[in-house]
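Novice: One structure follows; several queries about it will come next.
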Amino acid sequence: IFGERYTINQLPNPEKKGDRRFITSIKMESAQYDLLRVQFFNTDVSGFNTSPDFTLTGNLAFFCGVVVNNANRVFSGQWSTGSMSSTGDKTISFNEDNCLGALQKICQEFETEFKVSQSGGNKSITIGTFGSILGTTFEYGKGKGLYNLSRQTLNDKSVVNRLYLFGGTKN
């Protein structure tokens, strides 16, 4: 749609409005939502990972590379990095994050934004500043332009398709 590829990951919600009138809501998700399905580990290029709780120190390109390594662990070579600016090193702690949450945490630490683009079966993460700030302000109420506003929480607790087991210290 509009030159982008979307995936339907959830069943549609049909609603009956009359004898012959039905409304179906279909939620289409872009490529970035594939990152929700990947657990973020301290993963190197060979796919070796140690645990979901870890701390890393590096620049923006290093952190983005770890996200791509994790995504390619599940989606076998479909993910790559795009352009990004060079930055200094920072230390970030991760605790059982998925790749999308980790990417959002990384961009928050480096005070930047990310964009996921897709060309064919290949997906690329580009980090920088996107969009522009509009001078238009919308307000709620009569004659102020905003009539309805709603917010829905993103459901990142989808069906379990992989189970990771870690050792313990108690028998």
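Novice: Could you list which residues have their amide H under 5 Å from that of Gly82, counting only those 5 or more apart in sequence or on another chain, with H placed in the peptide plane?
Specialist: Ile125, Thr126, Ile127
Novice: Would you mind getting the Kirkwood hydrodynamic radius of region 44-125 from its Cα pairs, rounded to one decimal in Å? Intermediate results must be reported in sequence, preceding the final value.
Specialist: Working: mean 1/r = 0.0760 Å⁻¹.
After inverting the mean inverse Cα-Cα distance, the result is 13.2 Å.
Novice: Please sort by residue number the GluC sites (Glu not before Pro) in region 101-141 whose DSSP state is loop and whose Cβ has at most 16 other Cβ atoms within 10 Å.
Specialist: Taking region 101-141 and a limit of 16 other Cβ atoms within 10 Å, the loop GluC sites (Glu not before Pro) found are Glu111.
Novice: Follow-up question, since we're still on this one. Of Lys90/Lys170; Lys90/Lys115; Lys27/Lys123, which pairs sit farther than 26 Å apart, going by alpha carbon to alpha carbon?
Specialist: Numbers: Lys90/Lys170 35 Å; Lys90/Lys115 21 Å; Lys27/Lys123 20 Å.
From Lys90/Lys170; Lys90/Lys115; Lys27/Lys123, over 26 Å: Lys90/Lys170.
Novice: While we're looking at this one, here's another question. How much net charge surrounds Phe130 when only the other residues with a Cβ under 10 Å from the Cβ of Phe130 are counted, with Lys and Arg +1 and Asp and Glu -1?
Specialist: With Lys, Arg at +1 and Asp, Glu at -1, the net is 0.
Novice: Ok, one more. For Phe54 and Glu113, calculate 0.36 nm times their separation in residues minus their Cα-Cα distance, and state this gained length in nm to one decimal.
Specialist: Result for the pair: 18.9 nm of gain on full extension.
Novice: Can I ask one more? Mind checking region 1-102 for chymotrypsin sites (Phe, Trp or Tyr not before Pro) that DSSP puts in a loop (not H, G, I, E or B) and that have at most 10 other Cβ atoms within 10 Å?
Specialist: Within region 1-102, the qualifying chymotrypsin sites (Phe, Trp or Tyr not before Pro) (loop, at most 10 other Cβ atoms within 10 Å) are Phe2.
Here, each number is a calculation from the coordinates, and none is a lab measurement. Everything numeric in this text was worked out from a predicted model, so none of it was measured. Cβ: placed from backbone, ideal geometry, glycine included. Neighbour counts: every protein chain shown.
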